[in-house]
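To start, the structure under review is shown below, and the notes come after it.
The values are calculated or read from the model by the stated rules, or taken from the named source; none is laboratory data. Note that the structure is predicted; figures quoted are calculated from it, not measured. Neighbour counts run over all protein chains shown; Cβ positions are idealised from the backbone, glycine included. Note: areas computed on protein heavy atoms with side chains; ligands, DNA, RNA excluded. Shrake-Rupley method; radii C 1.70, N 1.55, O 1.52, S 1.80 Å.
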Amino acid sequence: MRKIYWYNSFTAAVFAVTIIGCNQSETNKTTETDTTILAPQKSYLSQPLVSNIYTADPSAHVFNGRIYIYPSHDTATGTPENDNGDHFNMMDYHILSMDSVGGKVTDHGVALHIKDIPWAGRQLWAPDAAYANDRYYLYFPVKDKQDIFRMGVATSLKPGGPFVAEKEPIKGSYSIDPTVFKDKDGSFYMYFGGIWGGQLQRWNNNKYDSAGKLRQANEQAILPRIAKLNKDMKGFSGEVKEIQLLDKNGQLFTEKDSDKRFFEAAWMHQYKGKYYFSYSTGDTHNICYAIGDNPYGPFTYAGIILKPVDGWTNHHSIIEFKGKWFLFYHDVQLSGKTHLRNVKVTELNYNEDGSIQTVEAFE
Ligand code: FUB
């Protein structure tokens, strides 16, 4: 992440207000002022699911008939903003759950803290979770002690945690934003990657190059990654591969297709037998999707799921629950600050041809 600014012009209206419902422990950590910028005249499509803590990057799943949300836990640590996203300096995870959309939301408390991950350096970013082998797996990106993002895994017998982290990162893992998808045949795949602060530009052919650069406008855009998981869910079986995202003419996107090419925040779901790979376009702030016939793709671009939200980042997940589809996402309604976000949910609708009806974050 970089270019830290408000792209919504309405946020120019500045209102100094006290943070709403920020809990005491979070307030204690805050070294910057607790004043914020709000956009009072804007009507948001939906409201934050919780306001006792800041939450972002919601990965939703249905476990035991209940919706569990695995978000980042945004914290005001006072870390200065920079192009690498250092201000997203998260220390732990809290898992949320609810028995219905619109129902009471439970915060299960601290599920995993960075101090309990032996190899971790800093910045617990967007996690995901899966159920297999009679337990729950929490997958998370965090910078190691050399400041390189790797993926970790932690386990629990309960979907709400607490989770116990493995002592080493997943071998061969890198970059950010893991999402774990279970295919019809029971195989699990991890999709991952994020450019800019997510460091994906430093990885070519699965080799690290600290000098790795972003692509020029006419160069092929950097591609997201996939790896099949072992049966024990704690390692990759085989090589990390690139996923091809194609335009409607069957061509790979170039970097200048920045409103459609992959940036970060992958998600995978199935609808009527097709595989829907969705992702954020980052600096152009869309959540887009592309459709394929198998977990590895290729995936053909199909449109925008979610238009830009209030805040710089856009990140989502999609689940089916009791016959309806739901889109989980975040914005900065509560804080007005790009690194202090709040998760939300809204219904998602498909057209007859399998295309998704675009969601506008504002009414
Ligand atoms: O929360 C930190 C980062 O911001 C995530 O990893 C990205 O997807 C973006 O939402």
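Seen from LEU200, the other residues with C-beta closer than 10 Å to its C-beta sum to a net charge of 0, counting Lys and Arg as +1 and Asp and Glu as -1. Only one residue of THR284, ASN205, SER317 has its Cα farthest out toward the positive end of the dipole of the chain, where Lys and Arg carry +1 and Asp and Glu -1 on Cβ, and that residue is ASN205.
Is the shape of the chain rounded, prolate or oblate, going by the alpha carbon gyration tensor and its root eigenvalues a ≥ b ≥ c, with a/c under 1.5 for rounded and a/b larger than b/c for prolate? Rounded shape, in that the Cα axes give a/c under 1.5. For the stretch 44-348, relative contact order (Cα pairs under 8 Å, six or more residues apart, normalised by length) works out to 16 percent.
The listed residues ILE305, ILE148 rank as ILE148, ILE305 when sorted by accessible area, largest first, using a 1.4 Å probe.
One decimal place: the segment GLU363-LEU246 gains 39.0 nm when fully extended, by the rule 0.36 nm per residue minus the C-alpha distance. Solvent-accessible surface of the chain, averaged per residue with a 1.4 angstrom probe and all protein chains in place: 40 square angstrom.
Between GLY109, GLY336, GLY303, the GNM of the chain built on Cα springs shorter than 10 angstrom shows GLY109 fluctuating the most. Length gained on full extension, ASN52 to GLU166, computed as 0.36 nm times the residue gap minus the Cα-Cα distance: 38.1 nm. Simple point charges give the picture: +1 on the Cβ of Lys and Arg, -1 on the Cβ of Asp and Glu, and for the stretch 143-297 a dipole about the Cα centre of about 340 debye. For a modelled paramagnetic label at ASP185, 7 Å from Cα along Cα-to-Cβ, the residues of the stretch 297-320 in reach, with backbone nitrogen under 15 Å, are 297. For the chain, the carbon plus sulfur part of the accessible surface works out to 48%, probe radius 1.4 Å. Distance between the 7 Å Cα→Cβ label points at ASN82 and ASP283: 1.9 nm.
When the chain is described by a simple charge dipole with +1 on each Lys and Arg Cβ and -1 on each Asp and Glu Cβ, the residue from THR300, SER173, GLY194 located farthest towards its positive end is SER173.
Each Lys and Arg adds +1 at its Cβ and each Asp and Glu adds -1 at its Cβ; summed about the Cα centre, the chain shows a dipole of about 560 debye.
Maximal additional length on extending the GLN146-LYS256 stretch stands at 36.4 nm, based on 0.36 nm per residue less the C-alpha distance. Cα centroid separation, the stretch 210-226 to the stretch 65-89: 24 Å. PHE328: net charge of surrounding residues, Cβ under 15 Å, Lys/Arg +1, Asp/Glu -1, itself excluded? With Lys, Arg at +1 and Asp, Glu at -1, the neighbours total -2. Spin-label model, ASN230 to ASP209: label points 7 Å out along the Cα-to-beta-carbon direction sit 3.0 nm apart. Computed with the Debye formula from one identical point scatterer per Cα of the stretch 280-363, without solvent, the log10 of I(q)/I(0) at q = 0.11, 0.12 Å⁻¹ comes to -0.32, -0.38. Have a look at TRP196, TRP125, TRP267 and tell me which one the Gaussian network model of the chain (Cα, springs below 10 Å) gives the largest fluctuation. Of TRP196, TRP125, TRP267, the Gaussian network model singles out TRP196 as fluctuating most. Mean residue ellipticity at 222 nm, helices only, the chain: -500 deg cm²/dmol; runs of at least 4 DSSP H residues each add -39,500 (n - 2.57), and the sum is divided by the number of residues. For the stretch 271-315, backbone nitrogen atoms closer than 19 Å to the point 7 Å from SER43 Cα along Cα-to-C-beta are found at 307-310. When the listed pairs LYS104/LYS324; LYS104/LYS143; LYS145/LYS344 are checked against a 28 Å cut-off, the alpha-carbon distance exceeds it for LYS104/LYS143; LYS145/LYS344.
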